[in-house]
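Below is one structure; the comments refer to it alone.
The numbers here are math on the coordinates, done by the rules we state, and not lab data. Please read all numbers here as calculations on a predicted model, not as lab measurements. Glycine gets a Cβ as well: all are built from the backbone with ideal geometry, and neighbour counts include every protein chain shown.
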Amino acid sequence: MSAIYILWLRQLKRHFRSRARMLGSVAQPLLFLLALGFGFGPIYRKAGGGDYIQFLAPGVIAMGVLFTGIFSGIEIIWDKQFGFLKAILVAPVSRLHIMIGRTLGGATVASIQGAVVFLVAMIAGFRPRVGNLLPLAAVFVPLMALLITALGTAVASVLDDIQGFQLIMNFLVMPIFFLSSALFPLEGLPRGIAVAAALDPLTYGVDGLRGALVSSAHFGMLVDLSVLSAVTVILLAVGGYLFSKIQI
């Protein structure tokens, strides 16, 4: 358990030591919130959708969690190249404990990032509906963070160099984000897009967060929580297995 705590703490220190990383992880969600929220707001309102900031903010919070979580997982590649991972893996510590500590650390950082983006959204004009469902937001954000960090760990465990990072961004992370309903409603989508969105695990995180914050869940809170929890457990198992097979 001490190894898990040490690696968890290291992930937190690693993130908060880098001011550039902290600023960058806030800047992108802020850009989406302001540019899209105020740019498409009048069009969304004319289409009968209401206040677009209210719709967009949960998706932008999920975006902050997604990019921070995936970067935390991908850091394994850097550790491989600079030899730090080898030093950890040769220590008399279970690889499962190493993976759990790193994943929990990355998920904690991503959850904090989601809270920061939430505060930024509040400043931009987002107003959550205070009610019985609001505390569920504190459940969906860590679940999404854990899922994404586990995904990053699984992918990074099979990559050997940083050149594959751009491939991950273009063919994994960006489709996960854009198909998650973060930017558009799920109602009335073409069948192909609707199926792809339903297969995207982040969709259920965004939908659940939207239900908790603005009482507007497409699938229903129970479905969102069940699917998100199940996929998180599966990815943790896959990530743990692939991490245990890393060759040093």
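How large is the dipole of region 2-244 about the Cα centre if only Lys and Arg carry +1 and Asp and Glu carry -1, each at its Cβ, rounded to the nearest 20 debye?
540 debye
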> In percent, how large is the relative contact order of region 176-245, given Cα pairs closer than 8 Å and 6 or more residues apart?
Replying inline: 26 percent
> Per residue, how much space in cubic angstrom lies within the convex hull of the C-alpha atoms of region 92-175?
Replying inline: 130 Å³
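Using DSSP H assignments, which helices in the chain have an axial alpha-carbon span of 27 Å or above and a mean Kyte-Doolittle hydropathy of 0.0 or higher?
Helices meeting the criterion: 19-39, 52-82, 95-124, 137-157, 221-244.
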>> On a full-extension model of 0.36 nm per residue, what is the gain between A87 and A138, subtracting their alpha-carbon distance, rounded to one decimal in nm?
In response: 14.8 nm
> For the chain, what is the relative contact order in percent, using Cα pairs closer than 8 Å and at least 6 residues apart in sequence?
Replying inline: 26 percent
>> Cross-link candidates for K245: which aspartates and glutamates have Cα within less than 20 Å, leaving aside residues fewer than 8 places away along the same chain?
In response: E75, D79, D160, D161
> Taking the Cα-to-Cβ direction at R95 and at R45 and moving 7 Å from each Cα, how far apart do the two end points lie in nm?
Replying inline: 5.6 nm
> So, by mean Cβ neighbours within 10 angstrom, what's the order for 205-212, 219-226, 129-136, 175-182 with the highest one leading?
Replying inline: 205-212, 175-182, 219-226, 129-136
>> Highest mean first, how do 167-173, 28-34, 186-192 rank when packing is the count of other Cβ atoms within 10 Å averaged over residues?
In response: 28-34, 167-173, 186-192
> Ranked by Cβ crowding within 10 angstrom, fewest neighbours first, how are T203, T153, T108 ordered?
Replying inline: T108, T203, T153
